[in-house]
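The values are calculated or read from the model by the stated rules, or taken from the named source; none is laboratory data. The structure displayed is predicted, hence computed values, not measured ones. Positions of Cβ are generated from backbone atoms using ideal geometry, with glycine treated the same way; all protein chains shown enter the neighbour counts. These area figures cover heavy atoms from the full protein model, side chains too; ligands, DNA and RNA do not enter into them. Shrake-Rupley method; radii C 1.70, N 1.55, O 1.52, S 1.80 Å.
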Amino acid sequence: MKRIALLMTATAMAFALNAQEWAPAGNSIRTKWANEVTPSNCHKEYPRPQMEREAWASLNGLWDYSITKADETAMAKAEGKILVPFPIESSLSGVGKTVSDNEALWYIREFSLPKGWKGDNVILNFDAVDWGCEVFVNGKSVGSHTGGYTAFSFDITKYLKGSGAQSLVVKVKDATENDFQPHGKQVRNPHGIWYTSVTGIWQSVWIEKVSKFAHVADYKAVSDLANCTIDITPEICGTKADEITVDLEQGSDVKVKKIKAGETASFKLDNPKYWTPDKPVLYGICI
């Protein structure tokens with residue numbers, strides 16, 4: 001009985017610690033679903049359904065954060081936890097602060113590669129960070145990006161350690177209306193038709209495994225309704241893509257084409273099914 005009591009006490013302490021690490025900051029712009037959000041369940045679905053890979057891992061959840069002067073080159077001591085992917089101004093971030101144009105917002109967390117990823121390349125993906133950011137892995141800059149609404153990725157393979165925890169740091173600067181950058185209706189002092197600004201990571205972050213020899217980086221699909229054709233052109237990274245298989249799927253009907261890198265897979269549909277609001281038919285593509 002004593003061991004059970006100790007176990008129950010330890011479990012209760014763990015729950016209390018998690019509660020202290022994160023709680024919503026105020027009640028601004030909260031919906032009925034906000035109460036269901038926790039650090040362990042926020043946006044666990046695959047973030048990019050247009051090009052889904054089997055081997056991936058979400059980096060959403062609690063990160064450490066700090067706010068420094070904009071010209072600082074290193075993150076200061078962490079001020080607390082922020083729930084990614086909610087912007088720092090929001091309630092669900094757990095912070096509810098603003099970042100001025102003279103400041104930088106820093107994020108840091110550690111992650112480990114899933115089993116079976118050794119020997120392959122690893123891509124780090126950000127669905128959106130507002131506005132400009134620089135990304136560091138294990139203390140090395142892997143690249144930067146500007147634009148608060150667009151996704152971006154880095155191949156971080158050469159920056160990874162052979163084993164153990166990997167360090168990920170993101171530095172964000174966002175001048176909002178105080179610079180020559182698109183900001184829509186975001187302002188530092190929201191009023192009337194002007195909205196609260198969004199700063200930092202506000203869409204999902206994840207890693208995925210790809211082959212070190214070649215992988216699909218993107219694709220272009222063009223449909224021609226008059227001629228009942230669909231042309232699919234994969235964009236391949238790497239030099240060892242000897243053959244590319246492109247499947248066009250509609251229910252149990254699967255059409256297959258085999259092409260070389262740089263070529264287009266052209267499909268002729270005898271009885272095409274068109275998308276309408278009443279019958280929202282979609283064709284699946286597997287490359």
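Any idea which of (1) in a strand (DSSP E or B); (2) crowded, with 18+ Cβ neighbours inside 10 Å is the one Lys220 doesn't satisfy?
(2)
Out of everything in the stretch 168-190 that is part of a strand (DSSP E or B) and crowded, with 19+ Cβ neighbours inside 10 Å, what residue ends up being modelled with the lowest pLDDT?
Gln186
Can you find even one residue in the stretch 247-258 that is of a type in the set (Ser, Thr, Tyr), in contact (Cβ under 8 Å) with a residue 40 or more places away in the chain and assigned to a loop (DSSP other than H, G, I, E, B)?
The answer is no; no qualifying residue exists.
State whether one or more residues within the stretch 270-282 are of a type in the set (Phe, Trp, Tyr) and more than 21 Å from Ile123 (Cα to Cα). So that I can check it myself, show each step before the final result.
Taking the stretch 270-282 and keeping what is of a type in the set (Phe, Trp, Tyr), we get 274-275.
Filter once more, keeping what is more than 21 Å from Ile123 (Cα to Cα): 274-275.
There is at least one residue in the stretch 270-282 that is of a type in the set (Phe, Trp, Tyr) and more than 21 Å from Ile123 (Cα to Cα).
Please verify whether the stretch 128-141 includes one or more residues that are exposed (fewer than 15 other Cβ atoms within 10 Å of the Cβ), within 28 Å of Trp22 (Cα to Cα), out of contact with any Pro (no Cβ under 9 Å at 6 or more places or on another chain) and among the acidic types (Asp, Glu).
No, there is no match, as no residue in the stretch 128-141 is exposed (fewer than 15 other Cβ atoms within 10 Å of the Cβ), within 28 Å of Trp22 (Cα to Cα), out of contact with any Pro (no Cβ under 9 Å at 6 or more places or on another chain) and among the acidic types (Asp, Glu).
Is there a residue in the stretch 203-212 that is without any contact (Cβ under 8 Å) to a residue 60 or more places away in the chain and open to solvent by 60 Å² or more (accessible area, probe 1.4 Å)?
The answer is no, given that none of the residues of the stretch 203-212 is without any contact (Cβ under 8 Å) to a residue 60 or more places away in the chain and open to solvent by 60 Å² or more (accessible area, probe 1.4 Å).
Just wondering, is there one or more residues in the stretch 40-47 that are modelled with pLDDT under 90 and within 14 Å of the chain's Cα centre (by Cα)? Can you show your working first?
Of the stretch 40-47, the ones modelled with pLDDT under 90 are none.
No: zero hits.
Looking at the stretch 72-88, which of its residues are open to solvent by 30 Å² or more (accessible area, probe 1.4 Å) and in contact (Cβ under 8 Å) with a residue 24 or more places away in the chain?
Correct list: Glu72, Met75, Ala76, Ala78, Lys81, Phe86.
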